[in-house]
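To keep things clear, I will list the structure first and then write my remarks on it.
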Amino acid sequence: MKIHHEGTNILILLFIVLAALNVPVWLFMPPIVIPAVFSAVSLLFYIFVFNFFRCPKRNYKGPRYGRAVSSVDGKVVAIERVYEPEYLKSEAIQFSVFMSPLNVHANWFPVDGTVEYVRHHNGRFFSAYLPKSSTENERSTIGILCDNGQRITVRQVAGAMARRIVTYAKEGEEASIDEHLGFIKFGSRVDIYFPVDAEILLKLGDLTSGGVTPIANMKGFGERK
């Protein structure tokens, strides 16, 4: 299993810290049951963090023109019509996916196109499952001109545990469904704002896989080969 580069230093440091804690426990805390339990807990914690930073290689094989694919692994927690004031500056359909600490936390571009807008906003750290997290939490906003000529907004939202958002997307670069736009550490959500005429393909409670699960069809879907 490939590990995301965002986790390499964390995993190395964590291994050193846990090893440093376990050595004196084994040396100075008999009987053996106490060190054994401590080491087992340490191993389980390391496996949990290791699992969090896993980074599977994925390639979307379906039609791409006018199609949007989930940016993340997780559960659909919101599908509603709202006003998106930052990039689209218009009514839009908000599609939100919540990631638990057990999900892959790499973020994929949901569409093919061109990145036009990238902004980071400081904020609070409410649970990412709450609707107000979209506007009040720390977040990064990415505006994309899609291959079909329409625009969407992608918003990385920090959560109660997620205290760092990493955004790779840069203005003027190409967006591709097969590439990562960023990474969010330890539980969070991603909101995507579509044109109001988009056809949403999932419903509340559905599970998604980033870079794989189709989530919406937009104007002209499937017209270009």
Subject >> GNM top mover of Gly205, Gly74, Gly66 - the chain, alpha-carbon springs below 10 Å >> reply: Gly205
Original post:
Taking the Cα atoms of region 19-120 alone, what are Rg (to one decimal) and Dmax (as a whole number) in Å?
Top reply: 22.2, 66
Subject >> the chain: Lys pairs at Cα distance under 24 angstrom, eight or more positions apart or on different chains >> reply: 21
Subject >> Estimated 222 nm signal from helices in the chain, with DSSP H stretches of n ≥ 4 weighted -39500 (n - 2.57), rounded to 500 >> reply: -6500 deg cm²/dmol
**OP:** Within region 1-98, report the trypsin sites (Lys or Arg not before Pro) that DSSP leaves as loop and that have at most 14 other Cβ atoms within 10 Å.
**Re:** Lys2, Lys57, Lys61, Lys89
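Once neighbouring chains are kept in place and the probe is 1.4 Å, which whole percent of the accessible area of the chain is contributed by carbon and sulfur? Provide the component values of the computation, followed by the final result.
Values: 6830 of 10950 Å².
Reported share for carbon and sulfur atoms: 62 percent.
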**OP:** Quick one: net charge around Lys170, please, counting Lys, Arg +1 and Asp, Glu -1 for every other residue with C-beta under 15 Å from its C-beta.
**Re:** -4
Original post:
Helix 33-52: angle to the longest alpha-carbon principal axis of the chain, degrees 0 to 90, nearest 10?
Top reply: 20
Original post:
If you project the alpha carbons of the chain onto the principal axes, what extent comes out on each, in Å, largest first?
Top reply: 69, 36, 33
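What accessible area per residue, rounded to a whole number of Å², is obtained for the chain using a probe radius of 1.4 Å?
Values: 10950 Å² over 225 residues.
Averaged over the residues of the chain, the accessible area is 49 Å².
The values are calculated or read from the model by the stated rules, or taken from the named source; none is laboratory data. Being a predicted model, the structure only gives us computed values, none of them experimental. Note that we place each Cβ from the backbone using ideal geometry, even for glycine, and neighbour counts take in every protein chain shown. Heavy atoms of the whole protein, side chains included, go into the accessibility calculation; ligands, DNA and RNA do not. Shrake-Rupley method; radii C 1.70, N 1.55, O 1.52, S 1.80 Å.
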